[in-house]
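Read through the structure below, which is laid out as structure tokens, and then see the notes.
The values are calculated or read from the model by the stated rules, or taken from the named source; none is laboratory data. Computed from a predicted model, the values in this text were never measured in an experiment. In this analysis, Cβ positions are derived from the backbone assuming ideal geometry, glycine residues included, and neighbour counts consider all displayed protein chains. Only protein heavy atoms, including side chains, enter the accessible area calculation; ligands, DNA and RNA are left aside. Shrake-Rupley method; radii C 1.70, N 1.55, O 1.52, S 1.80 Å.
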Amino acid sequence: MKPFNRREFLATAATATAFTIVKPSVAFGTNANSAVRVGIIGCGNRGSEVITEMAKNTNARIHAMADLFDYQLEKALPKFNKANTEAGKGEVDKSGIYQGSEAYLKLLNNPQVDAVLVSSPAFTHPGFLEAAVLAGKHVYCEKPAAPDVAGCLRVINAGKKAEGKVSVAIGFQIRHASPYAGLAERIRNGAIGEMVSVQLYYISSRIGFNKPVGTSDEEYRIRNHFHYTDLSGGIFLDQAVHMIDVCNWILNEKPENAIGRGNLRGTPDFGDTFTNYQVIFGYPGDLGVSVHSTQVGPAFGDVCARFTGTKGVAEAHYSQGVFVNGENPWDSGILRGGEPTPEQRAAGIFTSALHDSTTNKVKNFIGSIESGNLINEATPGANSTLSAILGRLSAEEKKGKNWNEMISSNQQYNINLNLKQFDR
């Protein structure tokens, strides 16, 4: 069988219009008959969580599903049917279940699909997002935008093609978390004064290993894609990118340069991703932003964005509160450590600052389709990803890098995977 390499794989996505010539239109009325019909490409844990939120909390119905592996489809189908039926929307259309290397094209060719969630590994994101836009589908693509520079530029270009036609969302959901939105508003309104410095960190434990169902090297790599930089982008694009996106969003800027370090200490006996990064970014206005990211060992640490100003310090933690200390103190109400008392639980006190982030994000996406007020997050999503790539490249090459140098390099991974072997 002829190998199905990356260029051929993504080139197929670029010609998706040959398969997908029907642009969807949605007539809204009763919940059962006029829900926004969503298809999912990549039925793993994160994708299943997001599309289930859509079914539960919006006027969206899980209509179709696609995955390279049949066992992923089999595992996800009962979850999707449950989410649909509990919301009174019926089960997933059996004719809309697609498996194999061209499953995503078959899903995009389904004229009944109005929108698509792309939650496959990061190396597929640019091609799948581009194909969805060319097919006239609204698209919600998980982060990162791509594992490399060339892929991010493709996402930006696809966003330009989507402008005024379909909504494009990138899965940086923290911007939609109520506590983070409240903090951002206060920082922009001067609560901490002039910005002095920013510290970002994502201190995580090591991730596990997924045993392949088959025996091929390709399945081994795909099922454990987070351990391979060319497939996932590495931990800086998987984890630290969330805090980098928060920083770019609050500052309304992107970095100009980066100086980074990192290494492979504590890695398993396979893969090539660094386990830790330490990067200092230079932002406009001579502002320094330090980022620490680790994914090693048995213990999870903390995730935080800390903004220091002349009038105070603003901190946003995943699970240790979101607040401002200084001349203009403020607290979001998120519990700062420990378990809530019964009284706090009754009052709706949360321990996680992300308690409503995914729900708000999917409501915003589906709402944009229903209202016609389209959103386009392709460029900011790609820029946050490119920011993380800038830091990763500096650490890997052990030298300073600047933004323009990175863009002009058009850095691209050459991925050669025989995906047709998984067709059934």
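Of note:
- With each label modelled as a point 7 angstrom along the Cα→C-beta vector, the Ile407-Asn252 pair spans 1.9 nm.
- Stokes-Einstein D (µm²/s) once Rh is taken as the Kirkwood radius of segment 73-136 over alpha-carbon pairs, at 4 °C in 1.567 mPa s: 100 µm²/s
- For segment 302-424, the dipole from Cβ point charges (+1 on Lys and Arg, -1 on Asp and Glu) about the Cα centre works out to 380 debye, to the nearest 20.
- Rounded percent of accessible protein surface that carbon and sulfur make up, the chain, 1.4 Å probe: 50 percent
- For segment 258-337, the Kirkwood estimate of the hydrodynamic radius, built from every pair of different alpha carbons, is 15.1 Å.
- In this label model, Asn263 and Ser95 are separated by 6.0 nm, measuring between points 7 Å along each Cα→Cβ vector.
- If R0 is taken as 30 Å, the Cβ-Cβ distance between Asp217 and Lys75 corresponds to a FRET efficiency of 0.85.
- Between Asn157 and Ala347, full extension at 0.36 nm per residue minus the direct alpha carbon distance yields a gain of 63.8 nm.
- Distance cut-off 30 Å, percentage of C-alpha pairs in the chain lying past it: 43 percent
- Couplings 3J(HN,Hα) for segment 37-50, derived from phi with the Karplus relation 6.51 cos²θ - 1.76 cosθ + 1.60 (θ = phi - 60°), are 8, 10, x, 10, 10, x, 9, x, 4, 5, x, 4, 5, 5 Hz, where x marks Gly and Pro.
- Each peptide in 387-399, 92-104, 354-366 gets a packing score, the mean of other Cβ atoms within 10 Å over its residues, and the list from highest to lowest is 387-399, 354-366, 92-104.
- Stretch gain in nm, segment Arg306-Asn57, where the contour uses 0.36 nm per residue and the Cα spacing is subtracted: 86.5 nm
- Built amide H within the under 5 Å cut-off of Asn376, gap 5+: Val168
- Prolate/oblate/rounded call for segment 239-288, Cα gyration tensor, a/c under 1.5 rounded: prolate
- Per-peptide average of other Cβ atoms within 10 Å, ordering 298-308, 142-152, 203-213, 166-176 highest first: 142-152, 166-176, 298-308, 203-213
- Label-point separation in nm, Asn416 to Gln112, each point 7 Å along Cα→Cβ: 4.2 nm
- Shape class of segment 147-220 from the alpha-carbon gyration tensor: oblate, with a/c at 1.5 or above and b/c at least as large as a/b.
- Where segment 149-188 is the region considered: accessible area per residue in Å², 1.4 Å probe: 35 Å²
- All C-alpha pair distances within segment 35-192, sorted into 10 Å bins from zero, spread as 11, 39, 32, 14, 4, 0 percent across the bins.
- For segment 316-397, Kirkwood radius (reciprocal of mean inverse C-alpha pair distance, Å): 16.3 Å
- The chain - share of DSSP beta bridges that are antiparallel (%, nearest 5): 55 percent
- For the peptides 279-291, 111-123, residues were scored by their other Cβ atoms within 10 Å and the scores averaged per peptide; the highest-first order is 111-123, 279-291.
- Whole-angstrom gap from segment 350-424 to segment 271-320, using each part's C-alpha centre: 18 Å
- Gyration tensor verdict on segment 212-315 (Cα atoms; rounded if a/c is under 1.5, prolate if a/b is larger than b/c, oblate otherwise): prolate
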